[in-house]
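The values are calculated or read from the model by the stated rules, or taken from the named source; none is laboratory data. Quantities reported herein were computed from a predicted structural model and do not represent experimental measurements. Ideal geometry is used to build each Cβ from the backbone, glycine not excepted, and the neighbour counts take in all protein chains shown.
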Amino acid sequence: MQERPLSPHIQIYKPQLTSALSIMHRMTGLLLSLGLMGMSLWLIALSTGEKPYALWLTIAGNILVRILLVVWTWSFYYHLCNGVRHLLWDSGHGLEISAVYRSGYLALGASVVLTGLTWLMLAAAG
């Protein structure tokens, strides 16, 4: 039996922005799903009475939980911005390599700015 050549393995490829953003899009989708479970717990606590909701507020006040909420917020905005980027590609716009990189950096930057603005508004409100 003749041995066939193996295709290049993923480990020999140089990491690129496009592949990193694609992997991040998948990871943020997973984080959003996990965060929705936490949001569901918040709604359950809110609907079941004062004591469960007070416990939820205590848990949500923990610095580690706050950090996770900021990461979850960033995940939402990144997934949204990158999804809009993909919609533009689906319509045939921005497919040149320079535009792909520009829109990738824009999605990253916009997600950071939107996350910062969201948390600044939350801090100002409460």
- Task: Taking Tyr53 as meeting all but one of (1) within 16 Å of the chain's Cα centre (by Cα); (2) more than 22 Å from Val112 (Cα to Cα); (3) surrounded by 13 or more Cβ atoms within 10 Å (Cβ to Cβ), write down the number of the exception.
- Result: (1)
- Query: Which one of Leu57, Leu41, Leu46, Leu31 is touching a Pro at 6+ places or on another chain (Cβ under 9 Å) and part of a helix (DSSP H, G or I)?
  - Reply: Leu46
- Message: With the structure loaded, tell me whether Gly38 is modelled with pLDDT under 95 and not hydrophobic (A, V, I, L, M, F, W, C) or whether it fails that test.
- Response: yes
- Among residues belonging to the range 66-101 that are among the small types (Gly, Ala, Ser) and outside any helix (DSSP H, G or I), point out the one that is surrounded by the fewest Cβ atoms within 10 Å (Cβ to Cβ). Gly92
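Only one of these is modelled with pLDDT under 95, more than 21 Å from Ala20 (Cα to Cα) and not hydrophobic (A, V, I, L, M, F, W, C): Gly116, Gly92, Gly61, Gly49. Name it.
Sole residue among the options that is modelled with pLDDT under 95, more than 21 Å from Ala20 (Cα to Cα) and not hydrophobic (A, V, I, L, M, F, W, C): Gly61.
Just need a number here: residues in the range 45-63 that are of a type in the set (A, V, I, L, M) and in contact with a Phe, Trp or Tyr (Cβ under 9 Å, 6 or more places away or on another chain). Explain how you work it out, then say what you get.
In the first step, residues of the range 45-63 are kept if they are of a type in the set (A, V, I, L, M); the result is 45-46, 54-55, 57, 59-60, 63.
So of that shortlist, the ones also in contact with a Phe, Trp or Tyr (Cβ under 9 Å, 6 or more places away or on another chain) come out as 45-46, 60.
So the count comes out to 3.
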